[in-house]
Amino acid sequence: MTGITGQLGHDLVQTAKRAPMAEKLEVLALDRAALDVRNARDVRSVLETARPDVVIHAGAYTKVDLAEGEGRLDAYAVNAFGTQHLAQVCGSLGSTLVYVSTDYVFDGLKQTPYTEFDMVNPINEYGRSKWAGEQFVRHLAPRHCIVRTSWVYGANTAPGNGNFVKTMLRLARRQMGERADGCAEVAVVADQIGCPTWSRDLAHGIWNLVLSNSSELATFGTYHMAGSGSCSWHEFAEAIFLEAGFADRVTVRPIPASEYPRPAKRPAYSVLEPLALRTQGLPILRDWREALSEYMDLIVE
Ligand SMILES: NC(=O)c1ccc[n+]([C@@H]2O[C@H](COP(=O)([O-])OP(=O)(O)OC[C@H]3O[C@@H](n4cnc5c(N)ncnc54)[C@H](OP(=O)(O)O)[C@@H]3O)[C@@H](O)[C@H]2O)c1
């Protein structure tokens with residue numbers, strides 16, 4: 001497993017113990033120091049030594065805005081070529097490769113949920129680098145699952161690399177502490193729609209997929225896996241403050257994305273429909289509000 005210090009990787013390690021058939025799982029959890037996927041030689045030597053049945057590749061370059069500028073080469077080195085290195089070795093060893101990809105492979109021009117059969121058209125460098133990674137996986141590792149997810153939040157975030165939930169809480173708390181009336185106002189984009197996904201739910205979903213694929217009747221391919229339902233960032237923020245018990249003190253002002261310009265363009269609509277999970281009879285992730293509520297109970301003291 002790669003990316004274990006990230007939001008998803010951390011939860012994949014934590015949930016492995018409760019995965020179906022956990023007693024049969026032997027997990028090799030590799031942080032970047034143990035395996036930097038940019039290094040093809042290291043990837044080959046680590047995998048040839050371990051000879052894993054399954055590699056779950058949760059590691060990625062995820063700084064979407066930096067990828068438009070100084071981080072561009074690194075985004076491709078990690079997300080495209082790093083994934084190519086893993087796919088090449090998985091292909092030659094016959095290992096299954098699970099690659100975690102993103103809703104940002106879509107341009108967001110559709111107004112109904114995207115299925116695995118919709119055409120991609122990434123509109124930023126991060127999305128293009130992740131799509132390149134997907135292509136390497138498809139061409140080099142016949143036994144693969146590509147799991148596209150979106151708007152991920154989890155408990156484990158590296159310093160300076162938060163998530164939307166933590167950012168909203170930090171902004172509101174700072175203002176509430178500074179203002180005499182103890183209130184806060186945040187402006188949040190209301191014209192981008194997606195599916196918030198708790199990394200722990202995603203981790204459970206990935207284990208279900210991996211273990212359902214351990215039989216001879218394995219179903220490889222591309223899967224959409226994100227929290228059920230959808231919302232705008234504005235609605236997501238309102239739900240966060242409601243769960244935190246701040247709803248009466250925090251005003252969430254809706255703004256268009258054009259009022260919050262960022263280096264990377266984001267799709268206006270990137271709701272993922274889990275068509276492949278449904279047709280395979282595999283569980284889909286629960287409603288995003290229910291997941292958020294449980295997550296907030298864990299992180300808000
Ligand atoms: N976050 C989202 O909203 C979102 C949305 C859609 C899809 N995804 C995808 O979901 C997956 C998990 O995302 P996340 O939010 O858990 O990411 P994250 O918290 O940013 O973690 C990324 C992980 O990748 C590791 N990594 C970076 N460069 C690496 C390299 N060269 N070799 C090996 N590992 C490396 C990082 O290690 P260090 O800590 O040492 O840097 C970290 O453990 C990624 O594939 C991402 O593209 C995320």
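The values are calculated or read from the model by the stated rules, or taken from the named source; none is laboratory data. This is a predicted model, so every value here is computed, not measured. Virtual Cβ from ideal backbone geometry, glycine too; neighbours counted across all protein chains shown. All accessible areas refer to the heavy atoms of the entire protein, side chains included, with ligands and DNA or RNA removed. Shrake-Rupley method; radii C 1.70, N 1.55, O 1.52, S 1.80 Å.
The figures follow:
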| item | result |
| --- | --- |
| Shape category assigned to the stretch 145-213 from the gyration tensor of Cα positions, a/c cut at 1.5 | prolate |
| Solvent-accessible area, 1.4 Å probe, carbon plus sulfur percent, for the stretch 213-301 | 50 |
| For the stretch 151-301: rounded, prolate or oblate by the Cα gyration tensor [a/c cutoff 1.5] | prolate |
| Accessible area of the stretch 13-139 belonging to carbon and sulfur atoms, whole % at 1.4 Å probe | 51 |
| Rounded to whole Å, sorted largest first: equivalent-ellipsoid semi-axes of the chain, Cα gyration tensor | 33, 20, 19 |
| Dipole magnitude of the chain about its Cα centre (Cβ charges: Lys, Arg +1; Asp, Glu -1), debye to nearest 20 | 520 |
| Cβ-based charge dipole, the chain, positive-most Cα from THR157, THR15, THR96 | THR96 |
| Solvent-accessible area per residue for the stretch 178-301 (1.4 angstrom probe, square angstrom) | 46 |
| Accessible area (Å², per residue) of the stretch 1-42, counting only protein heavy atoms and a probe of 1.4 Å | 62 |
| Check: the stretch 57-153 dipole with +1 on Lys, Arg Cβ and -1 on Asp, Glu Cβ, in debye | 300 |
| Distance from the stretch 230-301 to the stretch 10-45 (C-alpha centre basis), Å | 28 |
| Size of electric dipole in the stretch 147-301: Cβ of Lys, Arg +1 and of Asp, Glu -1, about Cα centre, debye, nearest 20 | 480 |
| Ranked by how many other beta carbons lie within 10 Å on average, peptides 21-34, 40-53 from highest | 40-53, 21-34 |
| For the chain, share of DSSP beta bridges that run antiparallel, in % to the nearest 5 | 5 |
| Helical contribution to [θ] at 222 nm, DSSP H n ≥ 4, -39,500 (n - 2.57), averaged over the chain, rounded to 500 | -11000 deg cm²/dmol |
| In degrees, nearest ten, helix 7-16 long axis to first principal axis of the chain (Cα) | 60 |
| Whole-number percent relative contact order across the stretch 1-155, with pairs defined as alpha carbons under 8 Å at least 6 apart | 25 |
| Hits among aspartates and glutamates - C-alpha to C-alpha of LYS130 under 13 Å, sequence gap 8 or more where chains match | ASP74, ASP103 |
| Ranked order, LYS130, LYS110 - accessible area, probe 1.4 Å, largest first | LYS110, LYS130 |
| Whole-Hz ³J(HN,Hα) from phi, Karplus 6.51 cos²θ - 1.76 cosθ + 1.60, for the stretch 46-52, glycine and proline x | 5, 6, 5, 6, 7, 6, x |
